[in-house]
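The values are calculated or read from the model by the stated rules, or taken from the named source; none is laboratory data. Note that the structure is a prediction, hence the values are computed from the model and not measured. When we count neighbours, we look across all protein chains shown, and the Cβ atoms used for this are built from the backbone with ideal geometry, even at glycine. Surface accessibility is based on the protein's heavy atoms, side chains included, excluding ligands, DNA and RNA. Shrake-Rupley method; radii C 1.70, N 1.55, O 1.52, S 1.80 Å.
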Amino acid sequence: MSARRPLIAGNWKMNKTGVEAREHIARLRAHLGEGDLVAEVAVCPPFTALEATARAASGSAVRVLAQAVHEAEKGAHTGEISAGMIVAAGADGTLVGHSERRAAGETDDQVAARVRAALDAGLSVIMCCGESLEQREAGETEAWLTGQVRAGLAQVAAGEVGVLAIAYEPIWAIGTGRTATPEIAQETCALVRRVAGERLDPAALRVLYGGSVTPETAPGLLGRPDIDGALVGGASLDPDAFAAIVGAAQP
Ligand code: PGA
């Protein structure tokens, strides 16, 4: 049995209003029941639904995380949200460095600063990394992920391993229905763990896989030794499918 409790997080992306989030959480709670779960469970609603989701999830095992955070405490950053605002909305963590944010301009330095700002505010963090299809086919995956992981963790202290997880999400597998094979996911999550191990205890760090995880693909992925959970996009929008993925987590 691994010392690392699996973490299954649903990234709702730009989906669901507060009203829809409340309905979703009610259904998810009914599925998960009140007993102890093998996995830690989290959902990442859009900013506008954070507060409603946190209220609906209150008293349950479902944790609420934001999808992104800005590194500044406040100021002239139109459209951005600070870590303190996320805390005030009732969430207790955030994603940082999702590939869709990086594609929109988020740099490695910003990822590092945002990880730091989130941790300083008392939020837990899931830091995302992943290579493109071109990079994988060119044999650049290892060098690319090594750079992303080293850069993103640059301001993290060893003692913070318990409040930080890394999600390995190959860009070619996100939203494409083309899940990485369990072999590729395992091998690459192991690589991420090795690199992160330069800063954090690799035996304590949780490394998640993300990219077209479904109730069908989850069991094969979650059974691998270096895959400590999943970051789920599309399939997390349906509480039935998401609960099935949570149920596939193994101790
Ligand atoms: P997907 O998204 O499950 O829809 O591929 C995963 C993610 O982007 O976190």
Item to check | the range 40-197, dipole about Cα centre (Lys/Arg Cβ +1, Asp/Glu Cβ -1), debye to the nearest 20 | outcome: 320
Checklist entry - Hey, with R₀ at 30 Å, roughly what FRET efficiency would ARG27 and THR181 work out to, going by the Cβ-Cβ distance, to 0.05? => result 0.45
Checklist entry - the range 38-103: which trypsin sites (Lys or Arg not before Pro) are DSSP loop and have at most 11 other beta-carbon atoms within 10 angstrom? => result LYS74
Item to check | Loop-located GluC sites (Glu not before Pro) in the range 1-68 whose Cβ has at most 12 other Cβ within 10 Å (DSSP) | outcome: GLU34
Checklist entry - Under a point spin-label approximation (7 Å from Cα along Cα-to-Cβ), what is the ALA88-LEU133 distance to one decimal in nm? => result 4.3
Checklist entry - What does the helix-only formula give at 222 nm for the chain: each DSSP H stretch with n ≥ 4 adding -39500 (n - 2.57), the total divided by the residues, and the result rounded to the nearest 500 deg cm²/dmol? => result -10500 deg cm²/dmol
Checklist entry - Can you tell which of TRP172, GLN135, LEU153 lies farthest toward the positive end of the dipole of the chain, using +1 and -1 charges on the Cβ of basic and acidic side chains (Lys, Arg; Asp, Glu)? => result LEU153
Item to check | Rough spin-label spacing in nm, given labels placed 7 Å along Cα→Cβ, for GLN250 and ALA104 | outcome: 3.7
Item to check | Qualifying GluC sites (Glu not before Pro) for the range 177-245 [loop in DSSP, other Cβ within 10 Å: at most 14] | outcome: GLU198, GLU216
Next on the checklist: Please give me the summed charge of the neighbours of SER58: other residues whose Cβ is under 12 Å from its Cβ, Lys and Arg +1, Asp and Glu -1.
Outcome noted: +2
Next on the checklist: Looking only at the range 20-161, where both bridge partners belong to it, what percent of the DSSP beta bridges are antiparallel (to the nearest 5)?
Outcome noted: 0
Checklist entry - Please state the relative contact order of the range 113-235 as a whole percent: Cα pairs under 8 Å, 6+ residues apart? => result 26
Checklist outcome for this item: Per residue, accessible area of the chain with a 1.4 Å probe, heavy atoms of protein chains only, in Å², comes to 43
Next on the checklist: Defining a contact as two alpha carbons under 8 Å apart and six or more residues distant in sequence, what relative contact order in percent does the chain show?
Outcome noted: 22
